[in-house]
1. Can you show me the helix-derived [θ] at 222 nm for the chain, built from DSSP H runs with n ≥ 4 at -39,500 (n - 2.57) apiece and divided by the number of residues, rounded to the nearest 500.
2. With Cβ to Cβ distances under 11 Å as the rule, what net charge do the other residues near R117 carry (K, R +1; D, E -1)?
3. Quick one: what are the phi-derived ³J(HN,Hα) couplings along the range 111-120, Karplus 6.51/-1.76/1.60 with θ = phi - 60°, whole Hz, x for glycine and proline?
4. Exposed loop trypsin sites (Lys or Arg not before Pro) only (DSSP loop, at most 10 other Cβ atoms within 10 Å): please give the longest stretch of the chain free of them, not including the sites.
5. On the full set of protein chains, 1.4 Å probe, figure out the accessible area of D47 and give it in Å² to the nearest 10.
6. Can you list the chymotrypsin sites (Phe, Trp or Tyr not before Pro) in the range 63-158 that are in a DSSP coil and have 12 or fewer other beta carbons within 10 angstrom?
7. Order the following by accessible area, largest value first: E67, E8. Probe radius 1.4 Å; ligands, DNA and RNA are ignored.
Amino acid sequence: MTWIVAPEPFDTPDAYALRRSYYGEVAGRYWRRAATRQEIDDGLSSDGVEQLAFPTGEFLVGRYADEPASCGGVLLLDPATAELTRVYTRPGQRGTGGGGILLAALEDAARRLGATRMVLNTRLDLVEARGLYVRQGYEEIPAYATGPYMEIWYGKHL
């Protein structure tokens, strides 16, 4: 089976469903219980995803065997720095190589926007994501932002 990753508006039905799955998983892991439909709706209602469109960013969807299976976005923080955000692969497709393909496509998107460096923040409990970032050449960096869900920061020169 093959992965295909391409830019897609953040509000298509497939992109929206992936964003809901992403938020449900990361919120549920943080709260140590399943996120409710209302909590997911509330989280998505003001998440700033509209910035993940040209000229400030881009959103990508990955398909595995023609089914929507992953997503991620890049957001320009300044003319040279892009932030990796909303990186997600559905559990059933993890371990198929799609994470590396998605990150490479997101890095290409950041380059198209003019970035020469990618940064990201995540939580310590998201060990699968952290492992993926390190395998793809990201290194721990000092905090570039603060917030309640930011525990570790990574960066990579593109």
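The values are calculated or read from the model by the stated rules, or taken from the named source; none is laboratory data. Just so it is clear, the model here is predicted, and its values are computed rather than measured. A quick note on method: Cβ atoms are made from the backbone with ideal geometry, for glycine too, and the neighbour counts reach across all protein chains shown. We work out accessible area using only protein heavy atoms, side chains counted, and drop any ligands, DNA or RNA first. Shrake-Rupley method; radii C 1.70, N 1.55, O 1.52, S 1.80 Å.
1. That calculation yields -10500 deg cm²/dmol at 222 nm.
2. Taking every Cβ under 11 Å from that of R117, the sum is -1.
3. 4, 4, 7, x, 6, 10, 9, 10, 10, 7
4. 34-158
5. Probe radius 1.4 Å; accessible area of D47 about 40 Å².
6. Passing sites in the range 63-158 are Y149.
7. Values: E67 115, E8 35 Å².
Largest accessible area first, the residues go E67, E8.
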